[in-house]
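See below for the structure under consideration.
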Amino acid sequence: MIVEDEPAVAHGVQVVLEREGYGVSVIPTGEEAVTRFSEVAPDLVLLDVRLPGIDGFEVCRQLRRQTRVPILFLTARTDEVDKVVGLEIGADDYLVKPFSLRELTSRVKALLRRAYGELADVQATDTLRRGDLVIDLERRRVTRDGERIGLTTTEFDLLRHLAARPGRVFTRTQLLELVRDYDAAVEQDERTINVHISHIRDKIEADPDRPRYIRTVRGVGYAFAED
């Protein structure tokens, strides 16, 4: 949930996070954020400090009475006191404007990883089951028809990313960003993704030439089969 009254900022953040596969709700005021929190039920809140009506600090105080989801402050203030206050009232992290969108997505991912397992009502599962393919997220193991499949770290993370969002089309650029997060030495070339996907298909598909799981969307990228 993005709580931000500047439309341009809110839209830019929304687009970047949606490209990462997150569902996003944008709310322009603190009052609405508080009243609609239960309805939206977000896993993370991006909260601007300077809001019309009640400010971000007060929103944070009120949300902390009902939830432990991560809260990341977005603020134009550079006063160290404001940062300390934000953390003392329950925020998990903060970013000072202007910030890079790459930095924002990194912070979001880090907060979600840290909070996983700490939330009172976690919706995620430790296992993804797709047909005869089972992806054990906790043990980082993949089996098909009960037989273990050996994947590299990068291959596992690409497969997990695709399988967690069946039907969603990811561009090669988006998948390359994911690979960069896990492998700093990877070449900055989208063709790298083609190679990784080919290796994954060789390992998980009964017939790699007629893939059942990872499908190519011509001119765009790849998607995990919905069925």
Among Ala164, Gly90, Gly150, pick out the residue whose Cα is farthest towards the positive end of the charge dipole of the chain, where Lys and Arg carry +1 and Asp and Glu carry -1 on C-beta, about the Cα centre.
Gly150
Between 0 and 90 degrees, rounded to the nearest ten: what's the tilt of helix 153-163 against the longest Cα principal axis of the chain?
80
Mean residue ellipticity at 222 nm from the helices of the chain, using -39,500 (n - 2.57) per DSSP H segment of n ≥ 4 over the full residue count, to the nearest 500 deg cm²/dmol?
-12500 deg cm²/dmol
Neighbour-count ranking for Leu111, Leu95 (other C-beta within 10 angstrom, fewest to most) reads Leu95, Leu111
Which FRET efficiency, nearest 0.05, do Gln66 and Arg114 yield, Cβ-Cβ r, R0 22 Å?
0.65
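Let me have the relative contact order for the chain, percent, based on Cα pairs under 8 Å that are six or more residues apart.
Reported as a whole number, the value is 12 percent.
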Using only Cα atoms and rounding to the nearest 10 degrees, what angle (0 to 90) does helix 7-19 make with the longest principal axis of the chain?
20
Here are some values of Cα extents along the principal axes in Å: (i) 58, 36, 33; (ii) 51, 41, 29; (iii) 59, 35, 27. Which one was computed from this structure?
(iii)
Taking Leu162, Leu74, Leu87 and counting other C-beta atoms within 10 Å, the order from fewest to most
Leu87, Leu74, Leu162
Anisotropy class of region 2-115 from Cα gyration tensor, a/c 1.5 cut
rounded
List the residues, sorted by chain then number, that are 5 or more residues from Tyr94 or on another chain and whose placed amide H is less than 5 Å from its amide H.
Phe73
For His11, His161, which order do you get if you count the other beta carbons within 10 Å of each Cβ and list the fewest first?
His11, His161
Need the C-alpha centroid separation for region 29-56 versus region 135-153, integer Å.
39
Nearest 10, in degrees from 0 to 90: the angle of helix 172-182 to the longest Cα principal axis of the chain is 80
What FRET efficiency would be calculated for the residue pair Asp209, Arg140, taking the C-beta separation as r and a Förster radius of 22 Å, to the nearest 0.05?
0.20
If you restrict to DSSP beta bridges whose two residues both lie in the chain, what percentage is antiparallel, to the nearest 5?
60
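We did not get these values from a lab; they are worked out from the coordinates using the rules stated. Quantities reported herein were computed from a predicted structural model and do not represent experimental measurements. Cβ sites come from the backbone with ideal geometry, for glycine too, and all protein chains shown count toward neighbours.
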